[in-house]
Amino acid sequence: MRVLLVQHNEGMSDLWAAHLKRQGVDVVQASSQAQAVEYLRLNEIDALVLDVVLPDGSAIAISDYATYRQPDIPIVAVTSGSFFSDGSIFELIPNACSLMRTPLRPDDLAAVLDHYTPSTVTAVKTA
């Protein structure tokens, strides 16, 4: 599974990425809209973890571009604020499958990604 993690807090991003990598997830980190869109322009991902409040760019623009490139991409929105507690994030980001409050435990993030990301089954050919 390849996950694009868009989080401007480098410490939090590194913590989440390290935990996900230990779980076997291929994690790509971005800290801005420009970095995220550039990666999405050239690559496909299985899920997007997106901080909804970015100081450098727009999370909505990133989610729009991600769903334009991959219409069924699951998006896990994360925020430290309570602004979206009314569920409006699901109207703004139609592919949002979850809204998680930070700080959050890395294993909770891994569990949500595991739940919303289809498993990839590799057929093994026997002789």
- Please give the helix 106-116 orientation as an angle from the longest Cα principal axis of the chain, in degrees from 0 to 90, rounded to the nearest 10. 70
- Tell me, what is the percent relative contact order of the range 2-116, built from C-alpha pairs under 8 Å that lie six or more residues apart? 25
- Cα pair count fraction exceeding 22 Å, expressed as % - the chain: 30
- Item | Tensor-based shape of the range 1-64 (alpha-carbon gyration tensor, a/c under 1.5 rounded, otherwise prolate or oblate) | oblate
- Item | Helix-only [θ]222 nm of the chain, DSSP H runs n ≥ 4, -39500 (n - 2.57) each, per residue, nearest 500 | -11000 deg cm²/dmol
- Using alpha carbons only, how many degrees (0 to 90, rounded to 10) separate the axis of helix 33-42 from the longest principal axis of the chain? 30
- Rounded to the nearest 10 degrees, the helix 10-22 long axis (Cα) sits at an angle to the longest Cα principal axis of the chain of 20
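Values quoted throughout were computed directly from the atomic coordinates according to the rules given, and no laboratory measurement underlies them. What you see is a predicted model; the values in this text were computed from it and never measured.
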